[in-house]
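Chemist: Below you'll find the structure I mean.
The values are calculated or read from the model by the stated rules, or taken from the named source; none is laboratory data. Note that the structure is a prediction, hence the values are computed from the model and not measured. Note: ideal-geometry Cβ built from the backbone for every residue, glycine included; neighbour counts use all protein chains shown. SASA here: full protein model, heavy atoms, side chains in, ligands and nucleic acids out. Shrake-Rupley method; radii C 1.70, N 1.55, O 1.52, S 1.80 Å.
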Amino acid sequence: MNKKWIFASLFAVAAFAFAQTPVIGPTSEGPDAVDKGADSASVNQTVKLILPQATALHLDTTTLTFDLSALDGQGWPHSSDPLAGDATIACVYAKGADDTTKLGDKFWNQTQVLPGGTYYEVRDWPKIAIVGGGVVDSYPPIEIGDDGELIEGSKGYFVCYKTFVLQLFSNWSYWDLTANRNDLDDEYPSIEHLYIQGNTCATFGSATGLYDLPDGASRHLIPKNLNFGPTGDQVLNPKLPESCKNKSWLDTLVVVAVKINSDRWGENRADLTYTLQSADVQFGTPQ
């Protein structure tokens with residue numbers, strides 16, 4: 001049988017199942033209850049909802065590609081941003097060295113990093129704006145002014161940003177989302193400088209810095225004061241974006257940045273694993 005026909009048939013069955021209107025009949029559970037009175041009678045009923053423990057992740061961006069090929073080629077160095085037509089990536093010049101701040105227990109005692117002094121500002125969910133030392137429009141980086149002279153600082157390091165949505169489900173009281181980096185493929189060189197951070201749609205507001213994520217490291221993506229469950233509780237606020245409402249899964253915008261300075265030509269890689277853990281007490285609470 002034709003594989004395309006098999007796939008189409010399975011898709012049609014799944015779509016039909018999703019659209020069905022189930023028909024049910026009455027049930028009989030527990031012992032009978034009867035009561036009698038002259039003008040009033042009462043019986044008691046206990047309604048039970050029994051759910052299995054559940055922790056789940058949904059990632060539809062299993063490959064995240066920072067393709068800077070457009071910054072090269074005909075017309076180099078460019079006079080306008082060749083990436084402007086791609087609304088999923090932005091590259092800006094670093095302002096200097098990484099700006100680091102040691103955070104407290106709420107942020108898992110991790111160190112916040114502004115890659116090369118760059119950062120992002122939140123816009124309407126799930127958009128962010130990237131702030132740096134100006135847009136990068138060539139690789140290797142260089143800017144020539146209208147007077148034909150080199151623009152000072154235009155050969156410096158730069159940082160590129162991309163985002164994606166990771167959906168979380170937990171029906172426990174608390175959850176913890178972590179990112180672990182373990183570069184697996186020796187065929188490809190590792191990305192030298194990678195940074196990461198997460199924002200749930202329920203708490204999307206003031207942006208914070210990112211966390212550096214070198215090979216072999218693990219980072220907590222959501223602060224402790226925002227990791228309460230069940231995840232369906234976090235999407236009840238009427239002020240949330242429509243795409244976030246009426247879901248038991250919690251949309252989380254993950255921001256990933258790479259600083260370009262010493263990476264090799266061709267494909268460089270980082271292998272990340274996202275893990276969601278659940279518990280009925282806050283993580284790190286003494287037992």
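Chemist: Would you be able to tell me the number of residues in region 148-169 that are more than 18 Å from GLY96 (Cβ to Cβ), over 16 Å from the mean Cα position of the chain (by Cα) and either modelled with pLDDT of 90 or more or surrounded by 13 or more Cβ atoms within 10 Å (Cβ to Cβ) (or both)?
Modeler: Going through region 148-169, the residues more than 18 Å from GLY96 (Cβ to Cβ) turn out to be 148-150, 162-169.
In the following step, the residues that additionally are over 16 Å from the mean Cα position of the chain (by Cα) were identified as 148-150.
The next check asks that each one be either modelled with pLDDT of 90 or more or surrounded by 13 or more Cβ atoms within 10 Å (Cβ to Cβ) (or both); those that pass are 149-150.
Qualifying residue count, region 148-169: 2.
Chemist: Output the strands (runs of 3 or more DSSP E) that fall wholly within region 194-287 and possess 2 or more residues being open to solvent by less than 40 Å² (accessible area, probe 1.4 Å) and at negative phi, or say none.
Modeler: Numbers: elements: 194-200, 218-220, 250-260, 272-279.
Per the criteria, 194-200, 250-260, 272-279.
Chemist: Which condition from (1) free of Cβ contacts under 8 Å to residues at least 12 places away in the same chain; (2) in contact with an Asp or Glu (Cβ under 8 Å, 6 or more places away or on another chain); (3) of a type outside the set (S, T, N, Q) is the one that GLY85 breaks?
Modeler: It is condition (2) that GLY85 fails.
Chemist: Looking at region 52-103 only, could you name the residues that are open to solvent by less than 80 Å² (accessible area, probe 1.4 Å), charged (D, E, K, R) and more than 21 Å from LEU114 (Cβ to Cβ)?
Modeler: If the condition is that a residue be open to solvent by less than 80 Å² (accessible area, probe 1.4 Å), charged (D, E, K, R) and more than 21 Å from LEU114 (Cβ to Cβ), then ASP81, ASP86 are the ones that fit.
Chemist: Follow-up question, since we're still on this one. Looking at the structure I just gave you, is ASP86 within 30 Å of ARG264 (Cα to Cα), modelled with pLDDT of 90 or more and in contact with a strand residue (DSSP E or B) (Cβ under 7 Å, 6 or more places away or on another chain)? Before you say what the answer is, go through the steps one by one.
Modeler: Details: within 30 Å of ARG264 (Cα to Cα): yes; modelled with pLDDT of 90 or more: yes; in contact with a strand residue (DSSP E or B) (Cβ under 7 Å, 6 or more places away or on another chain): no.
In short, no.
Chemist: Let me ask another. Taking THR111 as meeting all but one of (1) open to solvent by less than 40 Å² (accessible area, probe 1.4 Å); (2) within 28 Å of SER218 (Cβ to Cβ), write down the number of the exception.
Modeler: Result: THR111 passes all but (1).
Chemist: Let me ask something else about it. Name the residue that is nearest to ALA87 (Cα to Cα), counting only residues in region 163-182 that are in a loop (DSSP other than H, G, I, E, B) and of a type outside the set (Phe, Trp, Tyr). Don't jump to the end; show me each part of the working.
Modeler: Looking only at region 163-182, we keep the residues that are in a loop (DSSP other than H, G, I, E, B), and these are 171-173, 182.
Filter again for of a type outside the set (Phe, Trp, Tyr), leaving 171, 173, 182.
Details: ASN171: 34, SER173: 37, ASN182: 29 Å.
Selected residue: ASN182.
Chemist: Then there is this: Quick one: would you say ASP185 is in a loop (DSSP other than H, G, I, E, B) and surrounded by fewer than 16 Cβ atoms within 10 Å (Cβ to Cβ)? Talk me through it step by step, then tell me what you get.
Modeler: Numbers: in a loop (DSSP other than H, G, I, E, B): yes; surrounded by fewer than 16 Cβ atoms within 10 Å (Cβ to Cβ): yes.
Yes; evaluated as a whole, the condition is true for this residue.
Chemist: Determine which single condition ALA179 fails, assuming it passes every other condition in (1) over 15 Å from the mean Cα position of the chain (by Cα); (2) open to solvent by less than 10 Å² (accessible area, probe 1.4 Å).
Modeler: (1)
Chemist: Which condition from (1) assigned to a loop (DSSP other than H, G, I, E, B); (2) open to solvent by less than 100 Å² (accessible area, probe 1.4 Å); (3) at pLDDT below 95; (4) not aliphatic (A, V, I, L, M) is the one that SER9 breaks?
Modeler: Result: SER9 fails condition (1) only.
Chemist: Sticking with this structure for a sec: What is the one condition in (1) loosely packed, with under 13 Cβ neighbours inside 10 Å; (2) in contact (Cβ under 8 Å) with a residue 12 or more places away in the chain that SER190 does not satisfy?
Modeler: Result: SER190 fails condition (1) only.
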